[in-house]
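Please treat every number below as a calculation from the coordinates, not as lab data. Note that the structure is a prediction, hence the values are computed from the model and not measured. Note that each Cβ is placed from the backbone with ideal geometry, even for glycine, and that neighbours are counted across all protein chains shown.
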Amino acid sequence: MTLSWTQIVRLGLVQMCIGAIVVLMTSTLNRLMVVELALPVVLPGLLVAFHYGVQITRPNWGFLSDSGGNRTRWIIIGMAMLATGGLSAALAIPLLETSFRAGLAVSVVAYALIGLGVGAAGTSLLALLATATAPERRAAAATITWLMMVFGIAATAITAGQFLDPYSHGRLLAVVTVIVLGAFAVSSLSIWGIERRVIFRPAPAPMPFRQGIAEIWAERRARHFTLFVFLSMTAFFMQELIMEPYAGLVFGFTPGESTQMSGAQNGGVFLGMVFVGIALSGFRIGTLRNWVVIGCLGSAGMLGAIAFAAPAGLPLVPLVLGLGLFNGVFTVAAIGSMMQLAGQGREAREGTRMGLWGASQAIAAGFGGLAGAALVDVLRSVLETAPAFGTTFLLQAGLFLAAAVVAVRVIDAGRAPAPAVVAGE
């Protein structure tokens, strides 16, 4: 017995809950540190990069879920760590205002828990999808799960933004508490009982972790795909920590307005993914490689427009929405073959392969986010605020152009059977 459509949607609810907690850290809390607390942009950049760095443990979580035969346990443990870390990160905001050292200490612990939670829950969930989904449903199942995650991110950002104004620390803690506790409850109920009702391939023979990861890395396709993920995700995540501060410092957005703008961007991502998913699987239009190039070029164009939005008097929100749309196009196509690749190789090591690619994405996300934040801080010391942000966006656009060039050389030009999108951080 394999996963039914109802069970696939239940797994999608877990991924949606992961996104709902993480978006608070990468958008709302980041903006509060920079604008309301007047801290350097690099501080939240370092914290978010640290949370991504912790996710280098993803191959370990995937290896454990491969070997232990109980992925549900690791998903629930990961969600508990993620919820605890999310609430602790919010508690650190008022503490940073009264005692910087204490607030920073709490933040470091909180972001470490968030990274561990995302790694444990996200990797084990994807491995369960890869092993328990019928082959003919695998692409659709992965796409549904990814879209539900993006919906959770967008809905949380928009809803939280409405309840945060007028801002106060007490209001922030109330909103975050409701979100993290609700996410943990929904995810635990959603995953409960699914794994023991489905049959999938038995776990591979036990072996040391180093040997297992070495065998995966020796596979040429897995290794090249890992390198491509790192390059493209660096470009993808470079604006993550600076877009909301840009809206607040240059355009005068309130915390609620900038949070809702983040929700609009993620809404654009959702629409872009739906569009390409329908184009590829429904109408057989284009190839994965073509859509990657379109997504990269469109993202670069939107970033160029955002960079000159302030001096040109352009409205910011529509441009950010357009950036999200092309990001969605890029996302679907760039990782469209991951579900199929996860099950290929000498052994059934779906969790380990997912962990390897997840770790590559996490390292790239941390590096990209930190590089964007640090560059803004450096440029603001020699330029006005708007040109400093604009220069950073232009550099990110250049990375997207480079990723498009690499995609032409790396991604197979043949038509993929369907977009198999992997949901993850």
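Per-peptide packing, taken as the mean over residues of other Cβ atoms within 10 Å, places 289-301, 382-394, 118-130 in the sequence 118-130, 289-301, 382-394 from highest down. Taking every Cα-Cα distance in segment 5-410 and sorting them into 20 Å bins starting at zero, the pair-distance distribution P(r) comes out as 29, 60, 11, 0 percent.
Its Cα centre serving as origin, segment 5-410 has a Cβ charge dipole (Lys and Arg +1, Asp and Glu -1) of approximately 1300 debye. Considering only alpha-carbon pairs that sit under 8 angstrom and 6 or more positions apart, the relative contact order computed for segment 5-410 is 28 percent. Working ranking of peptides 318-324, 81-87 by packing, defined as the average number of other Cβ atoms within 10 Å per residue, highest first, is 81-87, 318-324.
Taking a label point 7 Å from the Cα of F100 along the Cα→Cβ vector, which residues of segment 362-403 have an amide N closer than 17 Å to it? Counting only backbone N, you get 377-378.
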